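Following: one structure in structure tokens, then a few remarks.
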Ligand code: HEM
């Protein structure tokens, strides 16, 4: 079974951050997508937050051409009746981070932006919150008719056996409310706008419910009369000058969104949702949130890396937690015999630990040392950010774990024992480069 992104269904968080990204001009989209995928790894998604990651249709096509779910496409502008409508503001990727406190969500959001900064820029960002008992700012409970958690995957996920199975189509729209105008209506009239009572969200009977009521507009069925559901996770946002709803919903097929919007804006039967008199969308984008399995994050992969790390003396004293954290930061690299991994005098961008095979370090052409499994190199240039002190070449086919420079500093900061072992190695290597001290 493919694991969906659990954050889609996670409940109970009150702080939310939504970020849309655009791939930087000139950056290869597939390459960018692969890096953005790393956001699901614990470096960003751990620390008490849920993270949902989704890709715009173009980016997903480049990343996984064999896993294109039916109907995948960008958000199309809706031009509705009475001058109302919904603009298209499609971007390349979408990240939703939610947690129990605003500070943690902010920290992890910054970490996410930093992690992809080389390939993507922030196009939009929106901080949101849970208002009272999950009420929209218009005062009505939002989510009453959402499918319950056990049924939500049926509404939200592409069914098994189809391309993109276990993934979810995401509709993201920022709506701005005219609260002052809505508040001129008596409560009984506000209730007719939604088709539910305001205090306790009781649905009007079919006779009482106006055809233009919001819930009458968004109820759609398949050809057998079965209701087609979506799974909504919208939350309000607020500033005194501008406030409204950040509408976020997940669906097994994007046509459900399209049909609901057509009905809301009067394009299906000439009836327009009265809610659109009091709120207007200023953004609209569709994304695809792939299952974890397609993000390459099978638990086994992380587990395999942990096993490799456990066998290396440098990491021998790490706790299980430290190993998981380091495993999420390393990359496995393979090289044929004769490959140059670092060049003397060039800047360094990685710390390497040999897993299999042998390599030689040379300085000014002379062999400094021969290295095998468990040996490591590359730390000096990462510590002082200076040039490499030696050239390292593989003497046999080589498999290494590579840690980038900022991750290397994180690992050192996290585990004093590893820091001491590396300090010890650096000292010995530096002594080896100095002329012998005359003790006579
Ligand atoms: C300003 C924007 C919106 C607001 C304030 C809003 C608010 C609400 C509220 C208060 C309810 C009733 C309680 C509930 O069942 O959750 C509701 C229901 C619903 N809304 Fe919205 N909504 C908005 C936009 C949308 C959009 C854009 C869609 C779809 C594209 C949508 C789809 C639905 C659906 C499917 C239901 C459940 C209907 C039912 O089966 O009873 N909503 N919404």
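The values are calculated or read from the model by the stated rules, or taken from the named source; none is laboratory data. These numbers were taken from a predicted model, which means no experiment stands behind them. FYI the Cβ positions are ideal-geometry reconstructions off the backbone, even for glycines, and counts take in every protein chain you see.
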- Residue under evaluation residue 117, criteria (1) part of a helix (DSSP H, G or I); (2) farther than 22 Å from residue 230 by Cα; (3) away from the ligand (no atom under 16 Å from the Cβ), criterion not met: (1)
- Checked region 205-237 for anything within 17 Å of residue 253 (Cβ to Cβ), in contact with a strand residue (DSSP E or B) (Cβ under 9 Å, 6 or more places away or on another chain) and near the ligand (Cβ under 10 Å from one of its atoms); matches are 219, 220, 227, 228, 229, 230, 231, 232
- Message: With the structure loaded, tell me whether residue 266 is closer than 25 Å to residue 176 by Cβ, more than 13 Å from the ligand (Cβ to nearest atom) and modelled with pLDDT of 85 or more or whether it fails that test.
- Response: yes
- Task: Consider only pairs whose beta carbons are under 9 Å apart and that are at least six residues apart or on different chains; among these, list those whose first residue lies in region 273-288 and is not assigned by the TED database to the domain that holds residue 80 and whose second residue is within 8 Å of the ligand (Cβ to nearest atom) and modelled with pLDDT under 95.
- Result: none
- Item | Enumeration of residues in region 167-198 that are assigned to a loop (DSSP other than H, G, I, E, B), more than 9 Å from the ligand (Cβ to nearest atom) and in contact with a strand residue (DSSP E or B) (Cβ under 9 Å, 6 or more places away or on another chain) | 167, 178, 197, 198
- Note on the structure: Condition set buried (at least 18 other Cβ atoms within 10 Å of the Cβ) and at positive phi, scope region 120-166, selection nearest to the ligand (Cβ to nearest atom): answer is 164
- Matching option when the condition is closer than 16 Å to residue 285 by Cβ and in contact (Cβ under 8 Å) with a residue 12 or more places away in the chain, among 75, 6: 75
